[in-house]
Structure formats: structure tokens, C-alpha cells
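Step one of this worksheet: look at the structure below.
Just so you know, all these numbers are worked out from the coordinates, no wet-lab data involved. Just so it is clear, the model here is predicted, and its values are computed rather than measured.
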Amino acid sequence: MAKEIAVCCEDTDAVATLSATTHIKKFRREQGVWELVGVLPITLGDISGIADLRKAVASILELLDGCKILVASSFIGAAAYHLERNGIHLWESLDADLFSLDDILSKDEADQDVSETVETKHNFVTYLGNGVYQISLTEIQRQNGTITSKQILMPILSAGTFYELQIDCCHIPPWLEGELAGERFDSRVEPLTGSSKFRLFLTKKTCASGI
């Protein structure tokens, strides 16, 4: 069965962030060989409201035309969240040569094997009221040690539809430290009583409605 991967690209053909994409390259793998089967122009522009968001997501889904794997150098924002909600598997990579496509495909297939045996990440999110949510990385990863903290948290952080997110964990993942260095969240850490774990509180600058 043929496998397909779509890659977000800039004008220079370098792998682009989702927001800076000018065209999407679509690759198909048949009998172990990758071939470029399409170059699809797209301009997302500034996404400043719900109408723009729906239009952007619909445009990408139309171009993907059944392809379930999308690669970009970075996925940030609500569009990425909604693409995942529409069944698109998002992978970050700075390369899109034939070797890296094989690597991405292998990781994606392994990731889907994990997802078949684990409940959806959102089933582990508890709503506490007033825009406050709580999630336990330790509990999710206790049930399946192969799922990563980034796979769990990035869709929630990208959507940004919370006022405060409380994360129970054993340590702050390095990639999350990068998110905290930005200007999106205020943060604080409190130890959990009687445990070696702690709770990380992420508070948005502006309140938003539920996940």
C-alpha cells in the first residue's frame, strides 16, 4: 500500500513553519521508493479570527487530499491543533530528504501503534472550572511509557484554550522549558505533598474558553 507524506515548504524549498508555508510538497512511497507527486501552492496569511482559522484548516485539508502525515519545521497555534483534531499527524523536522521521510514514516507508524492502545490524551484532562485544567504526565506515561510529553502537551498548548493548565510531572521536559522562556505563559512550580513529583502551573496572559 502506498504511503504519503506532505511537507510544508518556503519559497527556497526549505522546510517551513506552518504559518510561513508557501507551498506543500507531497511525496508518495511505493515499493520502497519515494517520489514527488505534487507541489501545491498555499498562502495561509495572518490568522486573526475563527473565520480565518476555519479557512486555513480547510485549505490544508483540501490540499492534503487524504494524506495523513504533515511535516513542518514548527507547529504552533490553533491551526495545528485543529489539524490534529481532523486526524492529521503532525511531525516537526528541519529536513525532508528521502532518508528523513523514511524516519518520519517509521515514527508515525510506531506512534499510531501507541495510540491504538492508549486512551485519547484529552480523556486525561480534568476541568476544574473557571478555565482551569489539570493533567498528569506521570499517570499517562505510567500507563504507556512510549508516549512522549510533547505528544501529550503540545496540542493543548498550541490550542491555548485555557486560562490555567496544571501539569503533574517528575521534571520539566527540556522542550517545555523553551515554551516557558517565551511570553505566552506565566509559570510557577509547587511540590506535591508526600511525593517526589511536583505541579507546574501555566497561566495565560489572557483568559480563553475550554479545551
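Measuring between alpha carbons in the structure, the pairs from Lys55/Lys150; Lys25/Lys55; Lys25/Lys68 lying more than 23 angstrom apart are Lys55/Lys150. Counting 0.36 nm for each residue step from Asp102 to Ile172 and taking away their Cα separation leaves a gain of 22.2 nm. Residue separation of Phe124 and Arg184 scaled by 0.36 nm, minus their Cα-Cα distance, works out to 19.3 nm of gained length.
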